[in-house]
Amino acid sequence: MGKVYDLEERTFLFAKRVAIFCKSLPRSLSNIEFGKQLIRSSSSVGANYIEANEALSKKDFQMRVKICRKEAKETAYWLQLILETNDLKNSKECQDLFREAEELKKIFSSMIK
């Protein structure tokens, strides 16, 4: 059961890092909107994983994990959009978050199979 806790912790820390990163974005109309979407999708990854761990059936678990994967994929999208539409001082953090979103997506994909 240790691995379940580790992934819950990992997704929590990921959402936390994204929230902190969003605070550093240059203030613009597009970044405000991108930031809202990014925070929503990144925090949804962990929230849905917690729900998956409380699933009532295997089918319910798989559906929740698919949502986790979808949200991780969406998070990667917003991060890439932010990276490519800004001249960020902390672009390395954005790239690291993008890689983590991609890795989480792969983890959830392997859980579905």
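The values are calculated or read from the model by the stated rules, or taken from the named source; none is laboratory data. Being a predicted model, the structure only gives us computed values, none of them experimental. Reconstructed Cβ throughout: ideal geometry from the backbone, glycine too, with neighbour counts over all protein chains shown.
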Just wondering, is there one or more residues in region 97-108 that are surrounded by fewer than 17 Cβ atoms within 10 Å (Cβ to Cβ), touching a Phe, Trp or Tyr at 6+ places or on another chain (Cβ under 9 Å) and modelled with pLDDT of 95 or more? no
Residue in region 57-69 that is among the acidic types (Asp, Glu), in a helix (DSSP H, G or I) and surrounded by fewer than 18 Cβ atoms within 10 Å (Cβ to Cβ) present: yes
In this structure, does ALA55 turn out to be within 10 Å of the chain's Cα centre (by Cα) and of a type in the set (Gly, Ala, Ser)? no
Is there a residue being within 16 Å of MET111 (Cβ to Cβ), at pLDDT below 95 and either aromatic (Phe, Trp, Tyr) or exposed (fewer than 15 other Cβ atoms within 10 Å of the Cβ) (or both) anywhere in region 35-50? no
Given (1) at pLDDT 95 or above; (2) crowded, with 16+ Cβ neighbours inside 10 Å, where does GLU84 come up short, assuming only one miss? (2)
Log entry, pairs with first residue in region 26-42 being under 17 Å from ALA101 (Cβ atoms) and free of Cβ contacts under 8 Å to residues at least 60 places away in the same chain, second being surrounded by 13 or more Cβ atoms within 10 Å (Cβ to Cβ) and of a type in the set (Phe, Trp, Tyr), beta carbons closer than 7 Å, six or more apart or on different chains, reads PHE34/TRP78; GLN37/TRP78; LEU38/TRP78; SER41/TRP78; SER42/PHE14
